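Participant: Submitted below is the structure of interest, expressed as structure tokens.
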Amino acid sequence: MCSHRCFLLLIFFLVSHSSVTSRILPKISVTTTTTLDVTDSIRKTKDASSFRLNQQEEQSHYPTSSSFSLQLHSRASVRGTEHPDYNSLTLARLHRDSTRVKSLTARLNLAINNITRANLKHTMYTTEQEEIEAPLISGTTQGSGEYFTRVGIGSPAREVYMVLDTGSDVNWLQCAPCAECYHQTEPIFEPTTSSSYATLSCDAPQCKALEASECGNATCLYEVSYGDGSFTAGDFATETFTIGSASVDNVAVGCGHSNQGLFVGAAGLLGLGGGLLALPSQLNTTSFSYCLVDRDSDSSSTVEFGSDIPNDAVVAPLMRNHQLDTFYYLGLTGISVGGEMLEISASSFEMDESGGGGVIIDSGTAVTRLQTGVYDSLRDAFVKGTTDLERAGEVAMFDTCYDLSGKTTIEVPSVAFHFPGGNMLALPAKNYMIPVDSVGTFCLAFAPTASSLAIIGNVQQQGTRVGFDLANSLIGFSANKC
């Protein structure tokens, strides 16, 4: 009798224990180390200076049924490099990235404190749902972490390179006549040569959706300041965009006659943010995705509109900030290093009631920023797992660097982002151990921030298709689907 009861109790215990265990185990097993191909990473630093984009041979390996296609390229593949060596390119890139992050955090702080950007230093220049896919290029050559896409503007369409930015809403390009314009790859757009160009009135809903606007001669004038001294100002208009083989009419776009900043090479900017004037909203699409190619690669990928998140993607909650709807917030719950979860408070990744804090994902920021305490925990855990590697001196914002000269491949602690439901995104080693010169110095590509806002940058996103399901508030990550 007892043996029978004991057996039943044992079975009940095992079944109950198994059920509980299955609910707490992550869906993907956590590995402790991953391999870094040192030789290949160094080779790419040496090849980066020789990139030249052959537009006839631009290809994407990501399958699509869409008739709309824009490719995404690195700036290195568009313009080559003007830096004497890879180390100087890295330092320029990191300087640009620091400026970018300061701009983003300042902009969010302004929004939280209900301060508009209408009172800007610069004077405005005055003058009388369908699936879409597009090419994407890495933009690092001029010290920028941005990526370029090529679109046709006007009627007849004239192709230009535009920076792609998930942290911006307003689309704009430089226009003649120029009161002040920076150098760009193609000739500056001349609106008088386009039959589809039309300025917007001050009463137009697109004009009223601007954060900073004025009215001149019954025409809407716009200005966008990026907080780092960069700005664009001019006429707000509608124009036809050619995305792949399809034309999209009446896209609201800034025609900038006065422009300044770190956009060297690009004709302007395409905003992929969450605001009403951003391209996804204007295309009336509830989903889009992009895949960022290696920053030192001459290959291309695509940005798509109207495509679903694949079934095998790692999915996480996508949240919005009521104070500033531009940014996309990620439901991050933890980070593991070497297969071990960091002992940090979950509140480190949460947005507070005022709209402060949280984690955004940004295509324009290069290096992921973490709150100082979170970063310190990540760095210390990583250093603990790399005692066999020779250390090197600090490089700019990177305080954890190694001398890997003479190495071919090495094993480094794994790094993974964790999301609700046990979902986990394991990063390739090349997405967080990056070369800073061509002689074998590699650094851990994370950085601390005193801000409560964390940012997942494009170095950590490389080679992963990032999909935004705006209707269902989800974000998906699909590795190796560029």
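Participant: Label A198 and D40 with points 7 Å out from Cα along Cα→Cβ: what is the distance between them in nm?
Facilitator: For the pair A198/D40, the computed spacing is 5.1 nm.
Participant: A further question on this structure: Using a probe of 1.4 angstrom, how much of the accessible area of the range 262-395 is carbon and sulfur, in percent?
Facilitator: Summing carbon and sulfur atoms, their accessible area is 46 percent of the total for the range 262-395.
Participant: Here's a follow-up. Each residue of the range 87-100 in turn: what ³J(HN,Hα) in whole Hz from Karplus with 6.51, -1.76, 1.60 and θ = phi - 60°, glycine and Pro shown as x?
Facilitator: 5, 5, 4, 4, 5, 5, 4, 5, 5, 4, 5, 4, 5, 4
Participant: Per residue, how much accessible surface does the range 204-294 expose to a 1.4 Å probe? Answer in Å², no decimals.
Facilitator: Here the per-residue accessible area is 28 Å².
Participant: When ligands, DNA and RNA are left out and all protein chains stay put, how many square angstrom of accessible area per residue does the range 393-482 have with a 1.4 Å probe? Intermediate results must be reported in sequence, preceding the final value.
Facilitator: On the way: 2670 Å² over 90 residues.
The answer is 30 Å² per residue.
Participant: Same structure, new question: Residue by residue, what Karplus-based ³J(HN,Hα) values in Hz, rounded to whole numbers, does the range 155-170 have, using 6.51, -1.76 and 1.60 with θ = phi - 60° and x for Gly and Pro?
Facilitator: 9, x, 5, 10, 6, 9, 8, 10, 5, 9, 9, 6, x, 9, 10, 7
Participant: Taking the Cβ of N171 as the center, what net charge do the other residues with Cβ under 11 Å away carry, scoring Lys and Arg +1 and Asp and Glu -1?
Facilitator: Net local charge, N171 excluded: -3.
Participant: Hey, another quick one. Please compare each pair in K44/K481; K46/K481; K384/K430; K46/K384 to a cut-off of 28 Å on the Cα-Cα distance and tell me which ones are over it.
Facilitator: Working: K44/K481 20 Å; K46/K481 26 Å; K384/K430 19 Å; K46/K384 31 Å.
Beyond 28 Å between Cα atoms: K46/K384.
Participant: Can you give the extra length, in nm with one decimal, that the chain gains between A450 and E353 once fully stretched, where that is 0.36 nm per residue apart less the Cα-Cα distance?
Facilitator: 33.0 nm
The values are calculated or read from the model by the stated rules, or taken from the named source; none is laboratory data. What you are looking at is a predicted structure, and each value in this text was computed from that prediction instead of being measured. Neighbour counts run over all protein chains shown; Cβ positions are idealised from the backbone, glycine included. The area values use the complete protein model at the heavy-atom level, side chains included, leaving out ligands, DNA and RNA. Shrake-Rupley method; radii C 1.70, N 1.55, O 1.52, S 1.80 Å.
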